[in-house]
Each structure stands twice: as C-alpha cells, then as structure tokens.
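Notes for the one structure printed next.
All of the numbers you see were taken from the coordinates with simple rules; none came from a lab. Model, not experiment: these values are computed from the prediction. Here Cβ is always computed from backbone atoms with ideal geometry, including for glycine, and neighbour counts include all displayed protein chains.
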Amino acid sequence: MSVPENAGGPAANGAQVVYDGVAKRYGAVQALAPTSLEVASGEFFSIIGPSGSGKTTLLGVTAGFIPPSEGRILVDGRDLVGIPPFQRNLGMVFQHYSLFPHMTVAQNIGFPLRMRKVAKAEAGAQIKRILDVVRLSGMADRYPAQLSGGQQQRVALARAAVYNPSLLLMDEPLSALDKNLREEMQREIKAFQQVLGATVIYVTHDQHEASAMSHRIAIMNGGQVAQVGRPRDLYDNPRNRFVASFLGEANLFEVARHAPAPGGGTVIETPQGLTLRAADAPPDSRFVVCVRPEKIALKSGDGGGAECNRLTGTVSDVVHSSGTVHHRVRVAPEVEINQRSTGGAGRQFEVGEAVSVTWAPGDTQLVAVD
Amino acid sequence: MSVPENAGGPAANGAQVVYDGVAKRYGAVQALAPTSLEVASGEFFSIIGPSGSGKTTLLGVTAGFIPPSEGRILVDGRDLVGIPPFQRNLGMVFQHYSLFPHMTVAQNIGFPLRMRKVAKAEAGAQIKRILDVVRLSGMADRYPAQLSGGQQQRVALARAAVYNPSLLLMDEPLSALDKNLREEMQREIKAFQQVLGATVIYVTHDQHEASAMSHRIAIMNGGQVAQVGRPRDLYDNPRNRFVASFLGEANLFEVARHAPAPGGGTVIETPQGLTLRAADAPPDSRFVVCVRPEKIALKSGDGGGAECNRLTGTVSDVVHSSGTVHHRVRVAPEVEINQRSTGGAGRQFEVGEAVSVTWAPGDTQLVAVD
Amino acid sequence: MGWLAAMRVVGVLRGVFTGAAFLYLILPTFVIVPLSFSSSLYLSFPPPGWSTRWYVALWNSQLYSAAFLHSILIGLPVALLSVVLGTMLALALVRGRPWGSRGLSALAIAPFLLPQIILAIGLYSILAKFGLTASYTGVIVGHTIVATPLVFITVSASLRSADPTFEMAAMTLGANGWKAFWFVTFPTIRLGVLTGGIFAFSFSFDEIILALFLTNTRTTTLPKQLYSELRYNMSPTIAAASTVIIVLSLLMLTAAAMAGRRAQRRAGAGRDMTA
Amino acid sequence: MGWLAAMRVVGVLRGVFTGAAFLYLILPTFVIVPLSFSSSLYLSFPPPGWSTRWYVALWNSQLYSAAFLHSILIGLPVALLSVVLGTMLALALVRGRPWGSRGLSALAIAPFLLPQIILAIGLYSILAKFGLTASYTGVIVGHTIVATPLVFITVSASLRSADPTFEMAAMTLGANGWKAFWFVTFPTIRLGVLTGGIFAFSFSFDEIILALFLTNTRTTTLPKQLYSELRYNMSPTIAAASTVIIVLSLLMLTAAAMAGRRAQRRAGAGRDMTA
C-alpha cells in the first residue's frame, strides 16, 4: 500500500490481550479446551488450524458472540466476559466483509461513528482520513456492489478501524479474494496495522498468509492450542507431529528402535529398515522423525560423506515450479522422500535416475507424537 | 495414488490433437483469436491464464459445447467440428464433478457404458476395474452425497475414463478442494493419466498445479496463446512481459536507455537511475528487465564482485514461510526488490539493515513488452 | 451477565409472540374440528356435548359421496395436465432461457395470481360456445389454468438448483439430448414435479369459485357441495365434511413438503464441496 | 453441421409450444377485456360492435363505486396488519431459529393453502359470538389470516438471502440489538416487506369467498359485487369492472415483481466476491 509515514493521525495504542483459561463447551462437546494466551500490545497475532480446530470459537468468544463456559478475557486488564459485543469497542473484519449493501462507502465507514454519536463534521473528517489511508478517497459515494473485491476489503478494514479500536479481529478476511490480490492485500493489511498501531488477532487457514503477516502464530487442533511461536520457530522446532505436518511439507519417519550414537546424538531405525542419525537426544515421549524437504541434498550415485544421513533410491517425480525444483525419491518400497531446492542450488535429476539422499544429522528433527 | 503398475488393462493410446486456426467470435467480441496448437499423443497439456483469457472457450470448443467460428480441431486426424458432444468419444471432468446425485457410484461410472450399450457383465467388469484404479472398490453402492470431496473427484475421473477415451478434458477439476487434498489429488491424477495413457488437456488458473502436473503449458491472455512450453522453459525464458509476471514472482524494471557493454552483453539504465547488466543482446522490440527472486543474493554492506549486478538498499520486510525466507529490499524510493532463498542458503537479515543486492548478468532476463 | 439475562427475556417474549400469532392464524380454520363432534343440531360454539353422529350422517349422505367422487375425478386429470404443461414450460423457460425469459416466467405465474372470478367469467363465455359449461371438461380446463403455475414454480425451482453441467456431463459421456433429459435431467427434477402435482391436485380439491361457475348438479365438487349446504342448513354435517377436507389437505401438503425437502437435499448433493 | 441444424429445429418447436401454452393460460382471463368494449347488451363473443358505454355505466354506478371504496378500506388495513405479523413471524422463525422452526414455517404458510371456505365457516362461527360478522373487522381479520403467509414467505426469503453476519458486524461496530435491526436488518429486508405488502393488498382486493361470508351490503367488496351482479344480469358492465380489476392486479403484481428483483440484486451485492 506504501502508506504515507505520517498518515492515520495519533495511532491508537494496541491493546494487550490475555486469555485466562477460556473454554467453551456445548453440552458434552468441548469446542475450546481451557486456553491461556497472551497477545502483546501492537502484536500481529495469527491463529491457524484445520476447520473445527476451535479458532473460530476463540474469535467468537473474543468478539462477544459466544459466551465462554469459563475463563476470563482481559483486554488492557478489563475482563470482557459478560460485556455485549456492541460495548467491547473492538474492530472486526468478516470473511465476506459484511458491508451493508444499502449504504455507500462513506455511510458504511461512518456507521460506527454514528452509533457513537460523533458529531457530523468530526465524523466526516475521520471518514476522509481513513479513506485516504486505504486509498479510496474517490469512492466515498459508491455502493459496495460497485466495488471490486479488493476495494470491498479495504472498506471493511476502514470501517473496523475508523474509531481507532485498540484491538482488531479479522476472520479469514482474504479468503474470498483470488491469489494475486490476496498477496497484495496481505502487504496492505500489514502496513495498515503498522499505521494504526492496533493489536491484531487474525484467523486464517492459510499458513503462508499467517507466516507472511504475523509476529507470532498460534496453531490450533481439536479445540486446543498446539503451539505458539514465531513463524520460523514453529517450522524449525515443531512441538509435536501435528505441528510438524501442518506447517509446510515434512518427510516423516516412524521410529522402530533408537539408541545413543557413539559420537553423541541418536541413531534411529525405521520400521522399513532405514537408519537415520539425529544430533539431538530423543524426547521422553514417543516420537517421529521429521526432515524438511529443503534441508535435503541429492547427489548422483553414491556421493555424500559418512557423517551425513545417506539413503539411496530412484527419482520418481520431478516438478519445476516458479524457480523451485521438487524431487520425489523412492528410498524403500513404501517410502518416498520429498526434496526441494531453489534457484541454481544442486544438480537437477531425471525420473528413474539413481540418487543419494543426504542431510545433516542436525536437520533431523525429533518430534513428539503428541 | 501408488497405482499398481499393471492396473488398467490395455492402456488406450493417447490421441494427437491439432488445433488449426480455431477461433470463436460472439458478434464483435473475439473470445478466442485464431489459435493453432499441437498436443502430442499421451501428453499432459495444461492451459492456464486469468479469467476471461479464453481457456474455457478453447475447452468448450474441444468438448463440442461451443461451435467454433472458424478452424478445425483434428483428433487423430478426424475433424471434430460439427460432431455433437455425445459422439466425440472424449472424457471430461467438470469443475464441480457433475456427478449425477440420483445414481450410485457404480451407476455414475456405468452411465457412459450404458449409453454405449455395453453388455451388463462386460460393463460390470470395467466398472470394477476402474474402481480399483481409483481405490474406491468398497464405495460402489454409495451415493455421491455420501462421499468426501476427494472421493467425488475420483469418481468423476473414473466415469470420464471408464470407456477408455483417448482424450481427457479437465476443467479446473481440483479448484473445489482444499489445499492439502489438492496436492494429493494432483499426484493421483498424474498417476492415473500414466496408467491410462490418454492425452489430457487440463484447464486451471493455478500455475503451481499446472507446473506440478504438465508436460507442457499454454499460457493464454486476452483470447490468445501468449506462450507454449515446458514449465521450466516458460519460467526461465518468458516470451513477453505478461508471461514473465504471470508465472511466479518477478522483479520487473522499465528500461530508460541501453547500450552494448564493453565485454559483451548489454548495460541498461532504468528510469529511476539504476544500472543493470545483462548477458544477452536486447531484443528488437521494446523490452523490460526481469529478475527472478531466487536468482538474487543479499550481502551485508558493500559486498559482491564487480562482474555482478549490484544495488544497495535497506531491508523493508522479512518473511519466513515453510523454510523459505523472503526479503524485500528498497533500492530506490519507488523500487523494492523481492529476494527469496530456501534452507540455509545465505545469511538472514533484519528489517532496516543496509544490504547489497546482487545477481549474475546471466540471470537478467530481457523480455519483450508485448 | 446483565446482557445475557436481557437476551433471555427477549427470547421468552419472542416465544410468547410466536405462539399467539400461530393461534390467530390457525385457530379460525381448526375451530370447525370440535364443532364436527358436537351433539347439537346447530353450528354453535362451544358444543353442548360430543358425538360422532355427523360423521355417520356424512358417510351415509349420497350428495357428499357423489361430490367427493367428482372432486377426485376432476382433481386427477387436473394434476396430470398441470404437471405436463408446467414441466414443459419450466424446461422451455429455465433451460432454454429464451430472450425475455424473466418476463415470461412472471407471465406463467400470473394465472394463479389473477382473480379467479374473472377467469371463471371468461372461461364460461368461451365454454358456452362449445356447450361445455356443465361438463367435467370445463372445470378441468379452468383448474388446470390456475394449477399449472404451481407446477411451473416447483419445477423451475428444481431446475434452477440442479447443476446445469449435469446435462453437459451426460452429453460428453455419450447421451444425446433426449437421453440426457430422460436419464439425468428428469430424475433430478422428479421430486419437484411430484410436489407440483400434489399442489395442483390439492388446489383443485379445495377450489370453489370456478367450481361454482363451471359445474352443475351432476359434477358438483366437495367445496361446492359444502357451499350449497351452507345456504340451506347449518348442520354440523358441514363441520364433519370440512374436517375431512382439512385432514386430506394437510396430508397432501405434508407429502408435498416432504418431497420438496428431499428434492432440496438431492440438489445440494452434487455441490456439497463447492463452498 | 447436421447436429446444429437439428438443434435449431428443436429451438423453433420449443418456441411454438411455449406460445401455445401461454395462449391457453392467459386467454381465458383476458377474453373479458374485448367483451368490456362490446356494444351489445349481453356478454356474447365476439362482440357485434364496439363502444365504451359500459365503462361510462361503471363510472356512474353507485354500487360499484361503493364496492371499490370498501375494497380499499379493507385492503389497506389487511396489508398493514399482514406486514407487521408476517415480518415479526419471519424474524422469529428465520433469525431466532427456534427448535422445530422448519415445521413452524410450514404451519405459518398453511392458512394460505387450506380451503378458504372452511376458514370462512370457522371465522363466521367465532365472529358471530362477538356480533362482528357484517362489519369491516370480520373480513379484515379473515383476509389478514390468509395474507400473512404471503408476507411471511417474501420476508423469509429476504432474510435468508441477507448475510446473517450483517447484524454481527453492526454489533461489533457499536449497534445494540434494536439499532442493528433498524439500521441494518430492516433496510436489507425492506423490499421483501414491500413485496409482501403488495401481495397482501392484491389478495384482499381479489378475494371473494371470505367476502361473501363476512361482509354485508354495506361492506360489499368489488369481487363480491361482481359475483352478485352476475346472478341477476350478465351485462358487460361486469366485463368493464373485471377489466379494471385485471389492470389494477397486474399493476400491483408488476410492482411486486420489480421490488422482488431489486431485493435479489441487493442481497447479492454483499456477497458478490464470494464465488
């Protein structure tokens, strides 16, 4: 969006949000297990997970549409539980924007100001200011149906932000847009948040979107938070098998036996008889081995040093996509390994070629099953 | 899908398809400019492009739903124009599968055999065989509404293929599935095509899908074929600006001036005053410069040799996503460069750091504007 | 939790209002039911005592039996003709999608919405030319005109919710136009056709204005018989007959609603994964 | 190109059939229109000559003017009451979504589908208790019962096609329940309410059975007047009155159709980008 650095007037201070044992049960069904989380002031915090994982419930509880069964939600120290949605003073962007079709862009954006009985002149100035921020100054008198998807999205942002809420909730706001527009809007939303200074809680099912935009991400599964962390940490140090396989691609190996290696680390044998080396000591619980496709190198024939993990196999598939080369190598009758490299890194192989698959023991992640 | 190598009985020979000046006009509107293409026997051929680019028109003309205004469509030498859809003997998979809701899986798959008056016992055997191929043997008596999206997709494939057509048309068959399932189904369709041996013409708006599955891709724009080639060639040697920007990410630079370089190649100056070096001689027509994000290396401060392209700037954005690091570097007030690297390749930088952006002259693509 | 408590009060008020509204809408029609079990000779409320004698009287009445038979003999051909005509019109206007199909669809529904007394006068003056005013033909023609829009509406809805690519898919699989209709299109709209047919029969069974003009004593329908009786005596036999008509009508409407719901589920099946 | 030629023949046949079907559906109602311009004293077809004398007679008839006035005086309160009742019911059943709301919706539509003669008998016996059988009240109560389902249907459709997150959005923006309804929900269903109101008025304006039972000579409606005239003389004044009723009904139905179409477009607007 290339927002002017001084736009937006006095930026609101982002709210600090603390979830303290928030849970939601419908009869015997636990939609949300007791959840405690802290979101820092001004943070861009994403919640991702498969459908039914509880992410929408958590957002609904925050917005006030769903009363929690237990727990507190503290926003800057004030408990929101029991306060109706229209008194929570937070902004929300909905999946399909929910722009009111019978109001113009200016009327839509002015709606929250009208509800707050802001004087007309003052409201007009605020609408004008936020329209500048979202670059829709010329569109004030259009109706939502006359706007493109991206423009509707910007109006929804402006409407949720015009009254300077210190907390913005976003419920898959980009899922209705096509891919190219989505990437552009990701950048716009990120810039918009920096201008406003508001804390953002962002729900999405798209992990790349979450990685591109967020300071931290909470991954949810089955009504529970599986892990919270920076995008990079979640990918490099997944806490369990679900997180490892949900984020990006993962080569996962079951463990049949494991023992301490002579020079430190661990030697692992898989049920298919493959031997793998890891630098870490195994966790206490049951675990699987996870190797990321971009950590793997392919060499022709029998290459690769003795200190590496080394498996041999035949290339079963090669895909070139936007400068990235994906190889798939069959190393055992039932085991295929995904390898990925970008640019000129590494030779490229043909289907049927015999190759060695190698990676460093340090890139062998040992991940708890649960 | 891990298709048994010997499944599918006698694989049909894929048809050779020749489009010879095929065009479609609606009144004064040219939906499809005269188009000539050759699709080889057994080829997996994708057509991609933005909506309204003519890809659906081309498929409709092939299936027989849209009579072309001119031109011939030769399938193994036989001209299809004027032959009704039900006599073309090709298979088609629709975007939303179009499974008949009142028929079981077996009845859906048996429908084309019934239309061809295949004897009951023979039809039963063929249905059983194709159900094995798509791994739905236990589902023969279910109704489509009782199946998951991926299973419905497999039934649609089986129904379009059970009568061994030599040509299969697919119209965005995976667009209704979610991302993870889509990647799995890409592999299944590819394996399925290898078992059948049929020629596939595949329409999609997803370039990664097309790259992952296709031998060759035709990129369409404004009713015309912009370029045809292998996925990798299209990315590495785009014929024009549209192809360069449509596939993957591209750093594009306008050209203000250019001159032959002393040691061969070309020196280019952009309107913003940046100087770039390319190994190639400029094309005759007007051109822009395209540099792919993964060809670029970042170095701290003033690093990088004199033989390279070298620009200096500050990092404006860093995104970690599934093992790939995206940097965005501002090298001029209005110019940001995208850089991308995978795995451990290259140091990682923070927002605000001063960096050098470098790439080899050979990675500077000179692309015709039109 | 003051807000949640307020929400609960609103919920209770809503329930009370809904109940009152239903009493108002439903009671006047169903008040006839207790009257039919009255022991009194007159239609007075509340009944002084209970009996089933009026059902016995109804059962033994030659006039009511004949009227019931006539209603069936008129209703069945009306349902059949409306189904054929309404379905063909829906196919032509929804699938054929000719120029101006929106306006034509409105026109196809008009006969149901325009005043039936005027249709009755118009039909009477046409049928008088052919001497058909008192035969079954006249009232069947009249009822079919008003009932066809009902079939048109239900079948159009089925067609619109059925995926139009079904027919294209059938064609690529080797079915010509006729086979695509018979094996694919028709089964997907079958429940809409059935619903429309039940509506058409039900309409004919209840209709009275056209019946008053276009039947005579040898073709009197049940509602017309009711109407004639009312003018001469107000005996609870009328209430018994009314109760029978209500029960039959409710049965038919329930059947139509069930068919309609099944059709909806069916139509949804093919597109389950679209959202 | 034999197949394309065959398709063209099918298209022509479809056009011919569609035309014939429309003639059948529309002609009997509209045959009254030329009769109203007849120069003859009798309702005979074709008219021996043309004149506008029956419109003059209609204009000068005290009975018809009074009936027209009564129809308006009954239709307007019916429309108003049905709109209030139907809209509140739709809000309670569609937005409140109580347990069993599907069955309740069917029940809310039932009064429109059940035989009106039975409603007339039932209402008569209730109103007789209160001495209201011949007042405006009786027929207004009766018409409202049958017309409320029409409003319920149109408003329910508007509510279903309106995005339910509109109200949630309004609430996050600071609107309490009442303001969310007034500023957001009501405007999105306004056209559905309007359509329902027109339907309700139009129904009341055309209805005859309830009018026959629940009005007297001082509250006679236009259709009842038509019916009474028919029994005594068959003068073309009836045809002129019918033509006026047809024209008014068509105008109202066109208005309703246009409002309905606008409502559809509106509802679509918020979700344009969803597909």
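For the pairs A:179/B:190; A:295/B:190; A:179/B:179; C:224/D:129; B:55/B:190, flag any whose C-alpha to C-alpha distance is greater than 19 Å.
Check vs 19 Å cut-off fails for A:179/B:190; A:295/B:190; C:224/D:129; B:55/B:190.
Based on the Kirkwood radius over alpha-carbon pairs, what value in µm²/s does the Stokes-Einstein equation return for the translational diffusion coefficient of the stretch B:328-370 at 20 °C and 1.002 mPa s?
Approximately 167 µm²/s, per Stokes-Einstein.
Nm distances between the label at residue C:65 and the same-position labels in the remaining copies, 7 Å along Cα→Cβ, shortest first?
5.5
Taking the alpha-carbon centroid of each part, what is the distance from the stretch B:174-248 to the stretch C:63-91 in angstrom?
Between the Cα centres of the stretch B:174-248 and the stretch C:63-91 lies a distance of 57 Å.
For chain A, modelled as a Gaussian network with Cα springs under 10 Å, which listed residue fluctuates most, A:71, A:110, A:138?
A:138
How large is the charge dipole for the stretch D:56-270, taken about the Cα centre, if only the Cβ atoms of Lys, Arg (+1) and Asp, Glu (-1) carry charge, to the nearest 20 debye?
The calculated dipole for the stretch D:56-270 is roughly 420 debye.
Give the angle, between 0 and 90 degrees and rounded to the nearest 10, that separates the Cα long axis of helix B:105-115 from the longest principal axis of the Cα atoms of chain B.
The helix B:105-115 is inclined about 70 degrees to chain B.
Inter-copy label distances at residue B:125, 7 Å along the Cα→beta-carbon direction, one decimal in nm, shortest first?
Spacings between copies for this position, smallest first, are 8.6 nm.
Just for the Cα atoms in the stretch B:80-187, what are the lengths along the principal axes, largest first, rounded to whole Å?
Result for the stretch B:80-187: principal-axis Cα extents of 38, 35, 25 Å.
Between copies, how close do the residue A:197 label points come, placed 7 Å along Cα→Cβ, listed in nm from shortest?
When each copy's label point is compared with this one, the spacings are 7.2 nm.
What range in chain B is the longest one free of GluC sites (Glu not before Pro) that are in a loop by DSSP and have at most 11 other Cβ atoms within 10 angstrom?
The segment B:6-306 is the longest one with no such site.
Taking 25 °C and 0.890 mPa s as the conditions, I'd like the Stokes-Einstein D for the stretch D:1-100 in µm²/s, using the Kirkwood hydrodynamic radius from alpha carbon pairs.
Roughly 126 µm²/s, to the nearest whole number.
Just tell me how shielded C:8-15 is by partners: mean number of partner chain Cβ atoms within 10 Å of each residue's Cβ, no decimals.
2
Counting Lys and Arg as +1 and Asp and Glu as -1, each charge on the Cβ, what is the dipole of chain A about the Cα centre in debye, to the nearest 20?
1120
Considering only DSSP beta bridges where both residues belong to the protein assembly as shown, give the percentage that are antiparallel (nearest 5).
Taking every DSSP beta bridge with both residues in the protein assembly as shown, the antiparallel ones total about 80 percent.
Report the full-extension gain for the segment residue D:130 to residue D:258: residue separation times 0.36 nm, less the Cα-Cα distance, to one decimal in nm.
Result: 42.0 nm gained on full extension.
For chain A, what mean projected area does the convex hull of the alpha carbons give, in nm²?
Spelled out: convex hull of the Cα atoms, projected over all directions, averaged, 22.4 nm².
Could you list C:221, C:237 in order of exposure, starting from the residue whose Cβ has the fewest other Cβ atoms within 10 Å?
In increasing order of surrounding Cβ atoms, one gets C:237, C:221.
Pop out the Kirkwood hydrodynamic radius of the stretch D:100-178 from its pairwise C-alpha distances, inverse of mean 1/r, in Å to one decimal.
About 15.3 Å, per the Kirkwood formula over Cα pairs.
On the first, second and third principal axes, largest extent first, how far apart are the outermost C-alpha atoms of the stretch B:262-329 in Å?
Here the Cα extents, ordered largest to smallest, are 41, 26, 22 Å.
What whole number of Å gives the distance from the Cα centroid of the stretch D:122-153 to the Cα centroid of the stretch C:126-178?
Result: 35 Å between the Cα centres.
Over all directions, how big on average is the projection of the convex hull of the alpha-carbon atoms in the stretch C:56-270, in square nanometres? Walk me through the numbers on the way to the answer.
On the way: hull surface 55.2 nm².
The directionally averaged projection comes out at 13.8 nm².
As an exercise, identify the trypsin sites (Lys or Arg not before Pro) in the stretch A:89-123 lying in DSSP coil whose Cβ has no more than 14 other Cβ atoms within 10 Å.
A:116, A:117
May I ask for the percentage of alpha-carbon pairs in the stretch B:161-206 that lie more than 12 Å from each other?
Tail of P(r) above 12 Å: 64 percent of Cα pairs.
Tilt of helix D:62-90 relative to the longest C-alpha principal axis of chain D, in degrees (0 to 90, nearest 10)?
20
Could you give the spread of the C-alpha atoms of the protein assembly as shown along their three principal axes, from largest to smallest, in whole angstroms?
111, 76, 65
Write out the chymotrypsin sites (Phe, Trp or Tyr not before Pro) in the stretch C:24-120 meeting two conditions: DSSP loop, and at most 11 other Cβ atoms within 10 Å of their Cβ. Let's see the in-between values first.
On the way: sites: C:24, C:30, C:37, C:42, C:50, C:54, C:55, C:59, C:64, C:68, C:99, C:112; in loops: C:37, C:42, C:99.
Of the chymotrypsin sites (Phe, Trp or Tyr not before Pro), the ones in loops of the stretch C:24-120 whose Cβ has at most 11 other Cβ atoms within 10 Å are C:99.
Can you find, among D:114, D:171, D:238, the residue sitting farthest towards the positive end of the charge dipole of the stretch D:56-270, where Lys and Arg contribute +1 and Asp and Glu -1 at Cβ?
D:171
May I ask you to derive the relative contact order of the stretch C:56-270, considering only C-alpha pairs under 8 Å and at least 6 residues apart, and to give it as an integer percent? Walk me through the numbers on the way to the answer.
Details: 258 pairs, mean separation 68.6, N = 215.
Here the relative contact order equals 32 percent.
Where does helix A:179-196 land angle-wise versus the long Cα axis of chain A, in degrees 0 to 90, nearest 10?
The two axes meet at around 60 degrees.
Under a point spin-label approximation (7 Å from Cα along Cα-to-Cβ), what is the residue D:22-residue A:141 distance to one decimal in nm?
Those two pseudo-labels are separated by 4.0 nm.
For the protein assembly as shown, give the magnitude of the charge dipole about the Cα centre (Cβ charges: +1 Lys/Arg, -1 Asp/Glu; no others), in debye to the nearest 20.
Values: 108 positive and 82 negative charges, 789 e Å.
That gives the protein assembly as shown a dipole magnitude of about 3780 debye.
Looking at A:27, C:125, A:49, which one has the Cα that reaches farthest to the positive end of the dipole of the protein assembly as shown (charges on Cβ: Lys, Arg +1; Asp, Glu -1)?
Checked the options; the winner is C:125.
Short version: what are the Cα gyration tensor semi-axes of the stretch B:1-128, square root of 5 times each eigenvalue, largest first, in whole Å?
31, 18, 16
Enter the Cα centre distance for the pair the stretch A:11-31 and the stretch B:306-370, rounded to the nearest angstrom.
Here the two parts' Cα centres lie 40 Å apart.
Counting partner chain Cβ atoms within 10 Å of every residue's Cβ in D:104-114, what's the average? Write down the numbers at each step before the final one.
Details: counts 2, 1, 6, 3, 5, 3, 9, 6, 1, 9, 10.
Averaged over the peptide's residues, the number is 5.
If I build a Gaussian network model for chain B, linking alpha-carbon pairs within less than 10 angstrom, which residue out of B:125, B:63, B:360 has the largest mean-square fluctuation?
B:125
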